[in-house]
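Data first, discussion second: the structure below is written as structure tokens.
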Amino acid sequence: MNDKALISRVLVDDDHHAFAALVRKHQQSILHFLRRLTGGNSALADDIAQQVFISAYDKLSTFRAEAGFNTWLHSIAYRSFLNEMRKSHHHTEVALTDDVLAPSIRDSVEQELLIEKLMARLSVTERTCMTLAYSAGMSHQEIVDVTQLPLGTVKSHINRGKHKLTKWVQQSQSRRKS
């Protein structure tokens, strides 16, 4: 069943099973997004994700389908993340040391951990825009809808983030050769 039909069942019939289906369908995407935003802090990401779905249920009647449901959920997740950062003063920056990049990437798990550590070094807005573009596969316009940033700013954050990541990888490779 598609999102539109599930949302209709929730709104018209207060069908909790339909909402549970929506959660199952979008939960991994939201968790992945929040884990990237929190610099790999799974516990914090899980807490925020839980709040996202509670908020989504409470606000479902305000969903206008101007953007996709997934975009709307990411928008709630992004705002929830920013509110959590303001409220608790969490810092998501990670210092990049030689031991982070020294191991060779043998499998996808190690590669994912390296990506998380590198992404954590980006600013929150760079990390957000890059995660939405590459992990969530959103268009620039969908990222604008989620973040409420101007289109040019979204493009700049993505380009700047890519440049920084490329530079850090090149630096780590040259250190390993030395």
Computed ³J(HN,Hα) along region 127-139: with the Karplus parameters 6.51/-1.76/1.60, θ = phi - 60°, integer Hz and x for glycine or proline, the list is 4, 4, 4, 5, 5, 5, 6, 9, 7, 8, x, 7, 6
Any residue on another chain or 5+ positions along whose placed amide H is under 5 Å from the amide H of Met138 is listed here as Ala133
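Assuming 0.36 nm per residue, please report the length gained on full extension of the stretch Asp46 to Lys4 beyond their Cα-Cα distance. Can you show the working numbers first?
On the way: separation 42, 0.36 × 42 = 15.12 nm, distance 2.55 nm.
Difference between extended and current length: 12.6 nm.
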Once phi for every residue in region 6-21 is put through the Karplus expression 6.51 cos²θ - 1.76 cosθ + 1.60 (θ = phi - 60°), the whole-Hz ³J(HN,Hα) values, with Gly and Pro written as x, are 5, 4, 4, 5, 5, 6, 7, 10, 6, 7, 5, 5, 5, 5, 4, 5
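Could you tell me which of the pairs Lys4/Lys155; Lys4/Lys59; Lys25/Lys87 are separated by over 24 angstrom between their Cα atoms in the structure shown?
Numbers: Lys4/Lys155 30 Å; Lys4/Lys59 15 Å; Lys25/Lys87 29 Å.
In this structure, Lys4/Lys155; Lys25/Lys87 lie more than 24 Å apart at Cα.
So if each residue of separation counts as 0.36 nm, and I subtract the Cα-Cα distance between Ser139 and Arg160, what length gain in nm does that give? Before the final figure, lay out the partial values.
Working: separation 21, 0.36 × 21 = 7.56 nm, distance 1.71 nm.
Gain in length upon complete extension: 5.9 nm.
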Reduced to Cα centres, the span from region 45-82 to region 115-155 in Å works out to 17
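Readers should treat all values here as calculations from the given coordinates under stated rules, not as data from a laboratory. The structure displayed is predicted, hence computed values, not measured ones.
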